[in-house]
Amino acid sequence: MIKFFRRIRRQLLSENKFSKYLFYAVGEIILVVIGILIALQINNWNESRKLDVVELALYTNLLGDIKISYRTNESIKFRMMSYQDVNYQIYNESKGNSDFDPTMYYDYLQWSLPYKLNISEKYGVYVNNIRNEKIRNSLLEYISVEEGVKIASDQLIDFKRKQLKPFFSKYGIHNTESSFNERRYTFNGLMSGQMLDYSKLAERYGTVELDELLFDLRHNTSWVFHNLNWIEESNRRLQHVLKEEILMNSKKENSELLHPKKLYELLTEDKSTDEIIAIIRDEIDKDSIYDLSEKDINSFGYLLMGKERFKDALQIFKLNTELFPNSFNTFDSYGECLLLSGDKANAILAYRKSLELNPKNRISNRIRELLDL
């Protein structure tokens, strides 16, 4: 192609047709610019596809983590229900509306576990780079709600640490003896044993001091519970948009498998023959996006022959004989390319193999005479 254009330029210059040469030169520049723009567009498509793959992996991981967070939040919600049940039990007992309940774990009054920002910490750095608006907005909403749950949980922990524990210490409600009856180097027993002296707690029933504490406990616990309900709804919405996008991409991938790309498209991506062969070998037994059938690989070889790239074509035809060793057609095409390349000896071997696989293979009389077949 380059030789063709060069010949035109020389002819125009030698004939002193400057105006035509100028017109030709402008046209050649326009063609070059168009070529560059096409190459840039192809590069943009490739980059976009790479981003699609990365984002889809992110969505898949996020969906898995958001499902785990849903179960975690459900567990925390159940614990908050137990905390609130204790608050109500103590209040009702203090008002004479209920009796002591041996099945109730009164120590929940002092316990509260910290809330961890699982999704915010792991995915917060990616949120602004997400191109899908629905997912980005849903994730931003979830992160905001998750932070709200943590704030509410921290408020409850802070209240119990600064208000309840001093109250227990003031009236000797902590059960020191029970604490030291547990195994020396473990903590689990302290969370399941009777660390509060119920009789001393009951002595404070009806006092304004305890009523005020129960008031704050009821509100702080409910606020955590309210935020957990909110994050549950946000979690469902985020799961929905993630599943929707993953399903859509799955259908797109299936469509690509039903309508695979042709190997010649790799030439527009500036792939070398060695790189193309590596792709074929790597993806031949996979669900490749390329058509890796015997027929298409053969067609690609003929395309290279048409461009007088015989060395590259030989590599492709030889590869096809290795991938499809029982096909007479692959050896027939390989033999044809060898013959055109001047390698008569190996062409004969390829044609003989083709006839061995299919004795009815119709090779032209000219080639039969040439090869003495």
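The values are calculated or read from the model by the stated rules, or taken from the named source; none is laboratory data. This is a predicted model, so every value here is computed, not measured. Every residue, glycine among them, receives a Cβ derived from its backbone with ideal geometry; neighbour counts consider all protein chains shown.
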Quick check on my filter: what residues within segment 118-130 are part of a helix (DSSP H, G or I) and of a type in the set (Phe, Trp, Tyr)?
Tyr123
Restricting attention to segment 132-151, does a residue exist that is surrounded by fewer than 13 Cβ atoms within 10 Å (Cβ to Cβ) and under 22 Å from the mean Cα position of the chain (by Cα)?
yes
Does segment 87-105 hold any residues that are touching a Leu at 6+ places or on another chain (Cβ under 6 Å) and either surrounded by fewer than 19 Cβ atoms within 10 Å (Cβ to Cβ) or assigned to a loop (DSSP other than H, G, I, E, B) (or both), and which are they?
Tyr91
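Matching residues to (1) of a type in the set (S, T, N, Q); (2) touching a Gly at 6+ places or on another chain (Cβ under 7 Å); (3) not assigned by TED's automatic domain parsing to the domain that holds Leu214:
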| residue | (1), (2), (3) |
| --- | --- |
| Thr60 | yes, no, no |
| Ile76 | no, no, no |
| Ser94 | yes, yes, no |
| Asp101 | no, no, no |
| Gly124 | no, no, no |
Any helices (runs of 4 or more DSSP H) falling wholly within segment 131-235 and containing at least 1 residues that are farther than 25 Å from Lys116 by Cβ and in contact (Cβ under 8 Å) with a residue 24 or more places away in the chain:
133-159, 165-170, 198-202
Can Phe100 be described as under 32 Å from the mean Cα position of the chain (by Cα) and of a type in the set (Phe, Trp, Tyr)?
no
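Could you pull out every one of the helices (runs of 4 or more DSSP H) wholly within segment 266-366 that has 3 or more residues that are of a type in the set (Phe, Trp, Tyr)? Before you say what the answer is, go through the steps one by one.
On the way: elements: 273-283, 294-306, 310-323, 328-340, 344-357.
It comes to 328-340.
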Pairs with Cβ under 6 Å, 6+ apart, first in segment 316-342 and over 20 Å from Asp274 (Cα atoms), second of a type in the set (A, V, I, L, M, F, W, C):
Phe328/Leu357; Phe331/Ala350; Gly335/Ala347; Gly335/Ala350; Leu339/Ala347
Looking at Lys170, Lys165, Lys160, which is the one that is within 16 Å of Glu212 (Cα to Cα) and either buried (at least 17 other Cβ atoms within 10 Å of the Cβ) or touching a helix residue (DSSP H, G or I) at 6+ places or on another chain (Cβ under 7 Å) (or both)?
Lys160
